[in-house]
Structures are given as structure tokens and as C-alpha cells.
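Data first, discussion second: the structure below is written as C-alpha cells.
Coordinate-derived values only; no laboratory data. Since we're looking at a predicted model, the values are computed, not measured. With ideal geometry, Cβ positions are generated from the backbone for all residues, glycine too; neighbour counts draw on all protein chains shown.
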Amino acid sequence: MTTRFLSRTLIALILLGSFFLIWPASPVRFNFLAGPVRAAPPVAGKGQAKIAPEVQAALNSLQAGEMLSVIVTFKDQANLNQLAVALPRFDRAARLKHVIEQLQAKANAGQRAVKTWLTRRQARREVGEITFFWIFNGLAVTATPAVIQELAVQPEVLSITPNEIIQGPPLPPAEQGELGILATEPNLSLINVPALWDIGYKGQGIVVANLDTGVDGSHPNLAPKWRGGTNSWFDAFPSDGNPNTPVDIAGSSSGHGTQTMGIMVGGQDNFSNTFGIAPEAKWIAAKVFKNNGSGTTAGFHAAFQWLLDPDGNPATPDAPDVVNNSWTFGNPNSCNLAFQADLQALRAAGILPIFAAGNAGPNASTSYSPANYPEALSVGNISNSNIIYPGIGGFGGSSRGPRPATASGCNPGTVFPDVVAPGVNIRTTDRFSSYTNATPGTSFAAPHVAGALALLLDAFPNLTVDEQEACLVNLAVNLGAAGPDDTYGHGRIDTLAVYQAILSGGCYRIHLPLLMRDN
């Protein structure tokens, strides 16, 4: 195990104790909702330090009758590190149930007084929409400046931050390649996926998920693989899409979410090209963007929470095994911790958060959050020739490290990304019930890692999150200069090498002779 990984894991464990596709970020905007009240001037004094400067600036600029949407975080948060170590090692259902129930209990107790107070203010039309969260102890609320100021002085409130809206620009032109018969796509061979197929592992019994623009649920390649039911589709903006049936937003070019899902679970296209990594896995999905391409902080919190308990019943373990995130938040070389508690909850529940590194390269120090969190496995982008992708036109290449040097929450100064995978000229599904070569970018490298993990969990279903991460990182094929670096991270993932190392107990220095699924 590398020193880099040990350090990263240690920091992650310490932290456990206590949106936006991979496109360049646009300026942050705030979600203003009109209300029938006059804006009150901000009141300086007690509680003012809890209000983020961006929120205070927005409050100062509100016109009469306007409200502001904010995220309220409470002081009393669940001890996720304590939860993780207290759970049975091999009982996934028990782990999920316990984590969910503990998070819910903490939120219910901590939010009770504020919930009653806000409900009364809502009746007076001083508060608009309220969303209560348990994945972290907090809420999203649209309210008048006076209400927000009063929230800040409540003793249980830790902070009030913006419910940010981030707008992604259009995707750059797709890089089209030869669409003839290639049998197995070269990107799959590069990471040794066919070797796992030959052994008999194709993702059987594994459920993958993405947080993205949605997924075209009618695509002939993907429709049979949707898990189905009322617990397999989440739309953060149901009035803007379809709350019951998977769709991909019309504004996402060829369908960004449909493309990332196809890389994970697709089978063969109409040329008999085999392109999906785990074709026997099932999928669920969360649509976190409106048709105009924008999402909100609150919408992502809601989606992460849904992932942990899709049917709303902690006793039924219906969370996905693998989650892909091909999106970033904030600006390059920044450490925005808005979603850190969400990722900590996923890891405590046994789910490894896989994130695209971002496309702000080729310059150094261009990492994005949440990919640069210690809780995330960040994935950079290479071509099928092992070349780090430089970018095309105004669309940046794969983001480079190191991580932000002064941000304690993002492993300051350490190597970024963690690993790399193919992300150039990738054959996959699109939202027109057809196939495309996806636009080059880390958006399409990350689902290679997610799909590979689905194969490995088919073979070794009881791998812990730390084991999953350690094996993918420690068995990566070194590229560039010897050792980890800020271009290739620890190297290109190698699915077969991980499989063989687990059999011999070599990638995590443990012996797992009884963890394999009988084939």
C-alpha cells in the first residue's frame, strides 16, 4: 500500500469522526423566489458569523417581496466514523439500515424545534419551500431576510450557506471515431475488462447508479437493465421532467447521463460492438439537472439522500452498490465542502463515491470538488494509447493536482487525481435510442472505474469501501514518471490485476478466500 494512500485514508478516517457536469463552471447565481412580503434589512449582531458572506451579500441586494433560498446546517451531526466501525463487517443490509436510522434519528432530534418554528412562519407567508435532510443534519429553505437572520441566532444552527445554482455551458463537439465493427471496444481491453468476462463476471446481482442529467429509460440497450419499480428513479425537479420514468434532459446534447450509464452497463450496439463494462448489472438513476442544464445544492443533497434509501424504508437494502458522479462543483483549485457530509454518509453505508476529476487541465492545481475530497475516488482521463488527454478547443484537458494547498478538508497538497481511465472516443449509448462516440472528458473516464468496480463486486461482493478503493489505487498501472504524480495519479486502473491480487490477498494485505461468488 502506498504512503500516499495510507495518508489519504488516515485523513479520511479523521474527517469521518467529527453540481454540474464536467464542464467549466459558470458564475454562481442564487435562487430568488418571490413572496408577498417586504424584505427586511439585515440585522448585525449575534448569529451574523453563521451567515456565509455570499448569503449576506444576496440578502443586502434583495428587493421588496423577494425571498432567498439557503442551506441551513445544524451543529449536532452524526458521528459517521463511530457508525462505520460499529457495524458488522460483512452484513451490508444491517450496515445500511443502521446508518440510515442513526442519521434520521440525529436529524429528527436536532431539527424538531426549528421545524416547528419554520412551519409557523410558513403559515404567515414568510417562508416558502422547506426541504428537511437527514443525510446531513440540515435543511433547505426559501425565506425572507428576517427569517434567515432569526435562523442564524438559533443555538442549534451551525451555518447558513447559499443554495447555489450552477449553469453548465453546451458540450463541445463530439470526437467521432470509426463506428464499424470492432468486436470489443479498445477502451475495455485497455483496463482488462474482457478478462473478467471470460472468468464469468459481468456484473450479475450488482446495481449501479449515476447522478447526472438523467438516463433515457426507453433506450433499447438500457431499458431491460433498469431495475424498475418506484425505487429506481429520482428526479430532483419532477415538474421539469418525469417523476416516474427515467428520461434524459433535452438540453444535454446526446444525453450526458445516458452516455455515462451506457459505459457502465451497456451491451452491444447495432454494429455488434461490445462497449458496456458490466452488461449484466442493473441500474438506477437520479436526475439532478433541469432541462436548462442547471441544478441546485439542495437538489444534489436530495439525490444523495435518495441513493441511501430509494424506497424510504431502511429495512429494505435497495441502495446501489456503485455510484458514478460525472460532475464538479465550484471553481478549479478550490475546496468547497458543501457535499462532504453526503459522501461521508455514502462511505459509512458501504458505497464508494467515484468522481470525474474535471476538465480544467492541462495546468497544474486544477482539481475540483467533490473529486478532491478525501472521501471521493477521483478519476482522470487518458486516451486508448495511455496519453493524458490535453483537451480540444476551449474545452480543457484532464484536471491535474496537487490538491488545494491551504484547504484542510481536501487533503492539501496531495496527489490528484487518484487514478486514470479511458475517456476519449468512447462508444456508448445516447438519448436518441442510438449510439455515439462520447465527447472526450473525465465524465466518461469515471464510469469506466464504476463499471470495473461492478465487475469486482460481482466476484467479491463483500469488499469494504476501503478495500475497494485500496485495490483500485494500489493495483493501478503506473504511467509517466515512476510513482504517483499529479497527471496520472497512481496510474491506469487494471481490473484483472485487482481480481488476481484479491485472490492472493495482495492488494489490501488481507485474505479473502471465502468472499467470492460461486460462478
Inset, instruction - List the residues whose amide H sits under 5 Å from the amide H of Glu66, counting only those 5 or more places along or on another chain, with H placed 1.01 Å from N in the peptide plane. - result: Gly35, Ala39
Legend entry - Calculated from backbone phi, Karplus (6.51, -1.76, 1.60) coupling profile of the stretch 412-422 in Hz, x at Gly/Pro: x, x, 7, 4, 8, x, 6, 9, 10, 8, x
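For the ranges 437-450, 196-209, what's the packing order if you count other beta-carbon atoms within 10 Å of each residue, average per peptide, and put the highest first? Spell out each step's value before the answer.
Details: 437-450: 29.9, 196-209: 20.7.
For the peptides 437-450, 196-209, the packing ranking is 437-450, 196-209.
Which value, in debye to the nearest 20, describes the size of the charge dipole of the stretch 182-504 about its Cα centre when Lys and Arg Cβ atoms bear +1, Asp and Glu Cβ atoms bear -1, and nothing else is charged?
Working: 12 positive and 24 negative charges, 87 e Å.
The dipole of the stretch 182-504 has a size of about 420 debye.
Given the peptides 373-383, 113-123, 151-161, 303-313, arrange them by the average over their residues of other C-beta atoms within 10 Å, most packed first.
Details: 373-383: 27.1, 113-123: 14.4, 151-161: 17.5, 303-313: 20.5.
For the peptides 373-383, 113-123, 151-161, 303-313, the packing ranking is 373-383, 303-313, 151-161, 113-123.
Assuming 0.36 nm per residue, please report the length gained on full extension of the stretch Asp466 to Ala250 beyond their Cα-Cα distance. Display every interim value, and only then the final one.
On the way: separation 216, 0.36 × 216 = 77.76 nm, distance 3.76 nm.
That pair, Asp466 and Ala250, stretches by 74.0 nm at full extension.
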Inset, instruction - Mind ranking 52-61, 420-429, 315-324 by how tightly packed they are, going by the mean number of other C-beta atoms within 10 angstrom, highest first? - result: 420-429, 315-324, 52-61
